[in-house]
Amino acid sequence: MKNKTGGLLLIVLILTNAGFAQQSNGVAPKATTAETTLSFRDIPELKQAFIDAAPKDKKDNIVVGELGLDGGDKAMIVKLAQEIADNKLDPNDSFLIAYKGKLLFESYYRKGRINLPHFQASATKAYTCLALGRAIQLGYLTMSDLDKPLISFLKDLDPTKFVEGAEKITLHKAMTMRSGIRLSKEQRKAFEKTPAQLKGQKQVQTFLEHSAPITSASQSFLYQDDPRLVMQVIEAVVPGTAQDFIKKELLNKMGITTYGWETDVNGLPVSASRSSLTSRNMVKWGILTSNKGKWKGEQLIPEAFISKATSRILVTGDDDVYGGGKDVSNQGYGYYWWSADLKYKDKSYFSVSAQGGGGQYIILIEELDLMIVVTSHDNDNSTLQIVAERILPAFVE
């Protein structure tokens, strides 16, 4: 996402719901020590929304600016924020905007807190993608390895027991939800009764022993367990564990210390969901991706990998676009990143996004140097449509 001077534009959006009233002291709401120990469902809702068009510098490696002065139409965005606070739009939890590398707008509503990690749901898949990219940058894998059989990286497997076609599963196929593995609900329930067979690489062994044969027909897009296969490869090729690798090589480097990332039944980090991040830390993942894998001048992930991961590798169709609407079309998929065209007036803008159930988004619009990140706890949202209809005009007019 390059602007005319070679800089990057970032817009991060985290939307929420509550009666509008800006905090008079200008301090973003924080979760108390007691609240940080509660489950998300038990977090009390804010009594008033917090809306700030000139975010404070928190010394967290996020450059700040002021909406209007540094870009964007302040009146449009504040009006949008007030409608969110007044329950006229999607019930979300926080809303931030950054533009050309500066955080210009920060707001919190409902269960949103500046210091409270918010569940990410399937947006976690995008972080798993970037962890694989980090392994490539450090030489534990290569870009050409993406087209090699996934099982070639897992040395604890017994291929003699695999179903036919297991070798057809490449990292590329798994990263685009096209492993071709087909397991019934009954089979999965049976696996859960004997979790020992899902520890470590036994999980992959079990999947490939009990799946229907892997064929060209079965290797069609299906939103399922494929990220687990990718995390198994990360665990197999990096020094130490995947958990330590992600912490040392990505989270620590970006200064992300307040987060949650649960452990899967296989003993590895959950690859498809069950991570949690603060809103500002979501911004950091967005900055890393927007900057083509660079963080503070250091190339953490190969630019070629970022470009591929955020490209429209597949067209998944417009029958059911999560967060979509009349101005959202051409839904596609890359490496755990979704894509769609967002239309404003007579022009469409290509967007890619990490998406999670409940309304979690990191939306990147390269042409505008724009990124939008959304958190919520309501699946019935229209976030992409709101971006097209209400955010784009604030930055293109």
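Some points to look at:
- Index of the failed condition, residue 163 passing every other in (1) in contact (Cβ under 8 Å) with a residue 12 or more places away in the chain; (2) closer than 24 Å to residue 291 by Cα: (2)
- Leading residue by the ranking (nearest to residue 119 (Cα to Cα)) among those in region 40-54 that are crowded, with 17+ Cβ neighbours inside 10 Å and more than 23 Å from the chain's Cα centre (by Cα): 46
- Total residues in region 342-370 satisfying the condition of being more than 20 Å from residue 306 (Cβ to Cβ), of a type outside the set (Lys, Arg) and free of Cβ contacts under 8 Å to residues at least 60 places away in the same chain: the figure is 4.
- Among the conditions (1) within 24 Å of residue 248 (Cβ to Cβ); (2) surrounded by 24 or more Cβ atoms within 10 Å (Cβ to Cβ); (3) touching a Ser or Thr at 6+ places or on another chain (Cβ under 7 Å), the only one that residue 119 does not satisfy is (2).
Every residue, every condition in (1) of a type outside the set (Val, Ile, Thr); (2) over 22 Å from the mean Cα position of the chain (by Cα), yes or no:
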residue	(1), (2)
86	yes, yes
92	yes, no
95	yes, no
98	yes, no
112	yes, no
121	yes, no
132	yes, no
136	no, no
140	yes, yes
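- Total residues in region 24-39, condition of a type outside the set (Asp, Glu) and open to solvent by less than 60 Å² (accessible area, probe 1.4 Å): 5
- Scanning region 63-89 for residues that are open to solvent by 10 Å² or more (accessible area, probe 1.4 Å) and among the β-branched types (Val, Ile, Thr) yields 63, 64, 78.
- Contact map, region 198-215: residues that are among the acidic types (Asp, Glu) paired with residues that are open to solvent by 40 Å² or more (accessible area, probe 1.4 Å), Cβ distance under 8 Å, separation 6+ or inter-chain. Pairs shown: 209/161.
- Selection count, region 146-168, where residues are within 24 Å of the chain's Cα centre (by Cα) and either under 13 Å from residue 211 (Cα atoms) or surrounded by fewer than 20 Cβ atoms within 10 Å (Cβ to Cβ) (or both): 2
- Candidate set: region 340-397, residues that are open to solvent by 50 Å² or more (accessible area, probe 1.4 Å) and polar (S, T, N, Q); chosen: the one nearest to the chain's Cα centre (by Cα): 379
- Residues within region 85-125 that are among the aliphatic types (A, V, I, L, M) and in contact with a Gly (Cβ under 9 Å, 6 or more places away or on another chain), tallied: 7
- Region 80-91 residues that are of a type in the set (Val, Ile, Thr), paired with ones that are modelled with pLDDT of 90 or more (beta carbon under 7 Å, 6 or more apart): 84/109
- Test for residue 250: is it over 25 Å from residue 354 (Cα atoms), open to solvent by less than 10 Å² (accessible area, probe 1.4 Å) and not in a loop (DSSP other than H, G, I, E, B): no
- When residues of region 325-339 are limited to those that are over 17 Å from the mean Cα position of the chain (by Cα) and assigned to a loop (DSSP other than H, G, I, E, B), the one surrounded by the fewest Cβ atoms within 10 Å (Cβ to Cβ): 326
- Scope region 191-200; condition surrounded by fewer than 19 Cβ atoms within 10 Å (Cβ to Cβ) and either under 17 Å from residue 162 (Cβ atoms) or at pLDDT 95 or above (or both); matching residues: 191, 197, 199, 200
- Selection count where residues are assigned to a loop (DSSP other than H, G, I, E, B), surrounded by 13 or more Cβ atoms within 10 Å (Cβ to Cβ) and touching a strand residue (DSSP E or B) at 6+ places or on another chain (Cβ under 9 Å), scope region 301-324: 11
Residue by residue, here is whether (1) over 22 Å from the mean Cα position of the chain (by Cα); (2) within 18 Å of residue 133 (Cβ to Cβ); (3) of a type outside the set (Lys, Arg) holds:
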residue	(1), (2), (3)
223	no, no, yes
230	no, yes, yes
248	no, yes, no
271	no, yes, yes
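- Test for residue 125: is it part of a helix (DSSP H, G or I), buried (at least 24 other Cβ atoms within 10 Å of the Cβ) and of a type in the set (D, E, K, R): yes
- If the condition is being part of a loop (DSSP other than H, G, I, E, B) and surrounded by fewer than 16 Cβ atoms within 10 Å (Cβ to Cβ), then region 225-247 contributes 239, 240, 241.
The values are calculated or read from the model by the stated rules, or taken from the named source; none is laboratory data. Everything numeric here is computed off the predicted structure, so don't read it as measured data. Here Cβ is always computed from backbone atoms with ideal geometry, including for glycine, and neighbour counts include all displayed protein chains. Side chains included, ligands, DNA and RNA excluded: accessible areas come from the protein's heavy atoms. Shrake-Rupley method; radii C 1.70, N 1.55, O 1.52, S 1.80 Å.
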